[in-house]
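Engineer: Sending over a structure as structure tokens; questions will come in a sec.
The values are calculated or read from the model by the stated rules, or taken from the named source; none is laboratory data. All of these numbers come straight from a predicted model, not from anything done at the bench. In this analysis, Cβ positions are derived from the backbone assuming ideal geometry, glycine residues included, and neighbour counts consider all displayed protein chains.
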């Protein structure tokens, strides 16, 4: 049985949504993008109402995902995870993600590239540590391998950058304490034992050129 639209009212708390009144009574709310073609006097049957509600559910999910991406770049897996937490169906999630991928708003390769570049510049860490972080964000192994092979700078250079930044806090320490703290810092960022030894010696030599650096770190001194 068809019902007539008797009023369309923009919600006071959310001007992006419209309340739909059928036969003089409130029936449901819709996104303005979904309600844009409706008008008072129009008749809606049950099938049309169901279609409008389904379209609205998709649009709400899409706008939520879009808002997440606008705030900061995210992987497809993290978008899906957020939508699930808000009770959105798997069917709608799949449709929203596909729509965002088609428009280029979700691109796991670009996300991984940006992640590696940002980390390398501001918080340098090893290839192993970066791969772990990207897996935690739902990036597929084949994408990770490709991006790291294509984008990853020299690990020794990254370790040196990380060591230089951290060594500013250690400037007043003696060699043994300096070595212990800096090697632990680098190890926690995933750098290998050999790289840690070389970088710690290099940074110490640059800071204290008149003090023998030594290079006899043990595994227990390097590992955090």
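Engineer: Would you mind stating whether residue 186 is at pLDDT 90 or above, under 30 Å from residue 80 (Cα atoms) and not in a loop (DSSP other than H, G, I, E, B)?
Structural biologist: Taking the combined requirement at face value, the residue does not satisfy it.
Engineer: A further question on this structure: Consider segment 45-90. How many of its residues are assigned to a helix (DSSP H, G or I) and in contact (Cβ under 8 Å) with a residue 12 or more places away in the chain? Outline the logic, then answer.
Structural biologist: Just the residues of segment 45-90 that are assigned to a helix (DSSP H, G or I), to begin with: 46-71, 76-85, 90.
Filter again for in contact (Cβ under 8 Å) with a residue 12 or more places away in the chain, leaving 46, 49, 52-53, 55-66, 68-69, 76-83.
Residues flagged as assigned to a helix (DSSP H, G or I) and in contact (Cβ under 8 Å) with a residue 12 or more places away in the chain within segment 45-90 amount to 26.
Engineer: Restricting segment 1-44 to residues that are touching a helix residue (DSSP H, G or I) at 6+ places or on another chain (Cβ under 7 Å) and not in a strand (DSSP E or B), which is farthest from residue 92 (Cα to Cα)?
Structural biologist: Checking each candidate, the answer is 16.
Engineer: If you don't mind, there's one more thing I want to ask. Would you mind finding the one in 65, 50, 77, 57 that is modelled with pLDDT of 95 or more and more than 30 Å from residue 140 (Cα to Cα)?
Structural biologist: Testing whether each residue is modelled with pLDDT of 95 or more and more than 30 Å from residue 140 (Cα to Cα) leaves just 50.
Engineer: Which one of these does residue 84 not meet: (1) under 30 Å from residue 115 (Cα atoms); (2) modelled with pLDDT of 95 or more; (3) surrounded by 18 or more Cβ atoms within 10 Å (Cβ to Cβ)?
Structural biologist: (3)
Engineer: Please go through segment 30-44 and give me each residue that is closer than 24 Å to residue 58 by Cβ and in contact (Cβ under 8 Å) with a residue 24 or more places away in the chain, ordered by number.
Structural biologist: 30, 31, 33, 34, 35, 38, 39, 42, 43, 44
Engineer: Looking at segment 91-142 only, could you name the residues that are loosely packed, with under 13 Cβ neighbours inside 10 Å, over 15 Å from the mean Cα position of the chain (by Cα) and part of a helix (DSSP H, G or I)?
Structural biologist: Of everything in segment 91-142, those that are loosely packed, with under 13 Cβ neighbours inside 10 Å, over 15 Å from the mean Cα position of the chain (by Cα) and part of a helix (DSSP H, G or I) turn out to be 91, 94, 98, 102, 121, 122, 141, 142.
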